[in-house]
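Each remark here refers to the structure printed beneath this line.
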Amino acid sequence: MESIHYTTIARILDAASLQPHRCRYWKTATIDEQFTASAAKILWCYEQVERLFDRGELVICIDEKPNIQALARLVPTQPMRSGYIQRREFEYKRHGTTNFLVAFNVYNGKMWGGCLDANDHEHFLWGVRQVGHRYRAARRIHLIIDNGPSHIDHHTKAYFAAHPHFRVLYTPAHASWLNQAELLLRAFTDKYLDRVEAESRQHLIDHLNASWPEYNQRFAHPFNWSWTRR
């Protein structure tokens, strides 16, 4: 059987702009009446955030970054210098993980952060109580969260039912991007986590606890959110 040389195949694929070695996932939300109704409530809060603030009400988005690894390189990282980029040892030692829960104030762009030992309803509700205490002066808190297991657990829903101070709005399925806390976590990770090295799990927790107040001082601002109900 006659064969084709791999360089010939490479030229054919390149000419056709085909990349058979690559694949990309995507998630498609089902735009139905239920989706529209849920999304509209959240988008209304974003559109009315200043008016709500004037009434003593806040729009708060909550999300987690789970299982952040405390990694220590076996050889110290070599810093950037003239003519050389930063170099990091490939091998590392794991020192455990932590879960980072954040709450984003849509009005002023400031955040609260807390480290959780587990990503379950008990620890999530601890975070919710911290948020409630932090913003205890607000007449009402419009709380935007996704459908994570700890968020929809019956214990969590029972807590919210007993505390009507929170008006809970769940993002539709496959539309957690409607939660502005996701944007916050992306920005926070870029500035404080992408290159962090931790000598222990506690070192990572201390780093996170020190980083979110600094983020508020240096970078916090409301996001320019343009997606509306229309």
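Numbers at a glance
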quantity	calculated
Enumeration of residues in segment 42-64 that are over 13 Å from Arg139 (Cα atoms) and either in a loop (DSSP other than H, G, I, E, B) or at pLDDT below 95 (or both)	Gln48
Boolean, Arg195 is of a type in the set (Lys, Arg) and not in a helix (DSSP H, G or I)	yes
Selection count where residues are in contact with a Lys or Arg (Cβ under 8 Å, 6 or more places away or on another chain) and of a type in the set (Asp, Glu), scope segment 176-213	1
Among (1) open to solvent by 20 Å² or more (accessible area, probe 1.4 Å); (2) out of contact with any Ser or Thr (no Cβ under 6 Å at 6 or more places or on another chain), the one test that Leu208 misses	(1)
Segment 168-185: number of residues that are in a helix (DSSP H, G or I) and of a type in the set (Gly, Ala, Ser)	2
Pair list, Cβ under 9 Å, 6 or more apart: segment 13-37 residue on the phi < 0 side of the Ramachandran plot and modelled with pLDDT of 90 or more, other residue assigned to a loop (DSSP other than H, G, I, E, B) and of a type in the set (A, V, I, L, M, F, W, C)	Gln34/Ala173; Phe35/Ala29; Phe35/Ala173; Phe35/Ala175
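For every residue, the table says whether it meets (1) free of Cβ contacts under 8 Å to residues at least 24 places away in the same chain; (2) open to solvent by 60 Å² or more (accessible area, probe 1.4 Å); (3) among the small types (Gly, Ala, Ser); (4) touching a helix residue (DSSP H, G or I) at 6+ places or on another chain (Cβ under 7 Å).
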{"site": "Leu125", "(1), (2), (3), (4)": "no, no, no, yes"}
{"site": "His133", "(1), (2), (3), (4)": "yes, yes, no, no"}
{"site": "Ile152", "(1), (2), (3), (4)": "yes, yes, no, no"}
{"site": "Tyr159", "(1), (2), (3), (4)": "no, no, no, yes"}
{"site": "Pro172", "(1), (2), (3), (4)": "no, no, no, yes"}
{"site": "Glu182", "(1), (2), (3), (4)": "no, no, no, yes"}
{"site": "Leu193", "(1), (2), (3), (4)": "no, no, no, no"}
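The values are calculated or read from the model by the stated rules, or taken from the named source; none is laboratory data. Computed from a prediction, not measured in an experiment: that's the story for all the values here. We place every Cβ from the backbone using ideal geometry, glycine too, and count neighbours over all the protein chains shown. Heads up: the accessible areas ignore ligands, DNA and RNA and are worked out on the full protein's heavy atoms, side chains in. Shrake-Rupley method; radii C 1.70, N 1.55, O 1.52, S 1.80 Å.
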